[in-house]
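The values are calculated or read from the model by the stated rules, or taken from the named source; none is laboratory data. Values in this document were obtained by computation on a predicted structure and should not be read as measured data. Ideal geometry is used to build each Cβ from the backbone, glycine not excepted, and the neighbour counts take in all protein chains shown. What goes into the accessible areas is simple: the full protein's heavy atoms, side chains included, and nothing from ligands, DNA or RNA. Shrake-Rupley method; radii C 1.70, N 1.55, O 1.52, S 1.80 Å.
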Amino acid sequence: MPKIYVVFYSTYGHVHKMALAIEEGARQVPGAQVSLFQVPELMPEDALAKSGAGQARQGFAHVPVIQPEQMAEADAIIFGTPTRFGNMTAQMRNFLDRTGQMWMKGALIGKIGSVFTSTGTQHGGQETTITSFHLTLLHHGMIIVGCPYSCSALMNMNEITGGSPYGASTLAGPDGSRQPSENELSIARFQGKHVAEIAAKLAR
Ligand SMILES: Cc1cc2nc3c(=O)[nH]c(=O)nc-3n(C[C@H](O)[C@H](O)[C@H](O)COP(=O)(O)O)c2cc1C
């Protein structure tokens, strides 16, 4: 019975929508126990109010906030973060920076780590955000899993789409108005299922 944790940060809701698709994909694997979590917010309330994210954030306010130590319970952790200047958000960085004690104990060694993201623009750092995130997971001794090309949606050239062998992704658009497309959501579902299948094999 593999335990899969989907751990995300989102300001405007795009990564949350992708996280739901990742979760849906992981649940397709019989016996997988899948839980969705968000990392703590760091932005002060007045800054959040100015960001215009209030309504979007209501959409995932019910998702429990995870503490770093809880990750030791999981067999696989799938992380989602928007891009900030081609890298993960400060909220996700801070969450990971609180895992020093876990690193000392080797608490995440041998667990699966996988990453998905969202950017504002088409070439704004999807791949750099995911691959630079992998460095932290490797320091923790995690086994990196991406999204293989058996996911045919990765080959779609008929529309603008996120998604790469490094992991699922979406494009929010410069004003945040674009929502994850069906192609991007299908890649997210594929990644969730792929991680859960490998976690199930490792659990056996
Ligand atoms: C401070 C800041 C930096 C950002 N940097 C980038 C960037 O480097 N490239 C990009 O394409 N989008 C960038 N964005 C846009 C966000 O990635 C976008 O709002 C996010 O993917 C939406 O995801 P969410 O709805 O889950 O918050 C930035 C946004 C902010 C607020």
- When ranked by the protection proxy of mean other Cβ atoms within 10 Å per residue, highest first, what sequence do the peptides 185-191, 87-93, 38-44 form? 185-191, 87-93, 38-44
- Task: Using a/c under 1.5 as the rounded threshold, could you call the range 1-155 rounded, prolate or oblate? The axes a ≥ b ≥ c are square roots of the C-alpha gyration tensor eigenvalues, and prolate needs a/b larger than b/c, oblate otherwise.
- Result: rounded
- Modelled label-to-label distance, W103 and T131, 7 Å Cα→beta-carbon offset: nm? 2.2 nm
- Which of V15, M43, Y5, positive extreme of dipole for the chain (C-beta unit charges): Y5
- Query: Roughly how big is the chain's charge dipole about its Cα centre, with Cβ charges of +1 (Lys, Arg) and -1 (Asp, Glu), in debye to the nearest 20?
  - Reply: 360 debye
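Suppose only helical runs count, i.e. DSSP H with n ≥ 4. What mean residue ellipticity at 222 nm does that imply for the chain under -39500 (n - 2.57) per run, divided by all residues and rounded to the nearest 500 deg cm²/dmol?
Rounded to the nearest 500, it is -11000 deg cm²/dmol.
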- Item | Mean accessible surface per residue for the chain, computed with a 1.4 Å probe while every protein chain stays in place, in Å² | 46 Å²
- Item | FRET E, pair K201, E73, Förster distance 22 Å, beta-carbon r, rounded to 0.05 | 0.70
- Query: Using only Cα atoms, what is the ratio of the radius of gyration of the range 20-102 to 2.2 N^0.38 Å?
  - Reply: 1.22
- Express as a percent, rounded to the nearest 5, the fraction of DSSP beta bridges in the range 1-121 (both residues included) that run antiparallel. 5 percent
- In the chain, helical segments from DSSP H whose Cα atoms cover 24 Å or more along their own axis and that average at least -0.5 on the Kyte-Doolittle scale are 182-203
- Mean separation of Cα contacts under 8 Å, 6 or more apart, over the residue count of the range 111-159: relative contact order %: 42 percent
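Below 8 Å, C-alpha to C-alpha, sequence gap of six or more: please give me the relative contact order for the range 47-165 in percent.
Worked out over the range 47-165, it gives 25 percent.
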- Rounded to the nearest 5, the percent of antiparallel DSSP beta bridges in the chain equals 10 percent
- Sequence-distant or interchain residues sharing an amide H contact under 5 Å with S164, placed H: which? S169
- Percent RCO, i.e. relative contact order, over the chain, from Cα pairs under 8 Å lying at least 6 residues apart: 28 percent
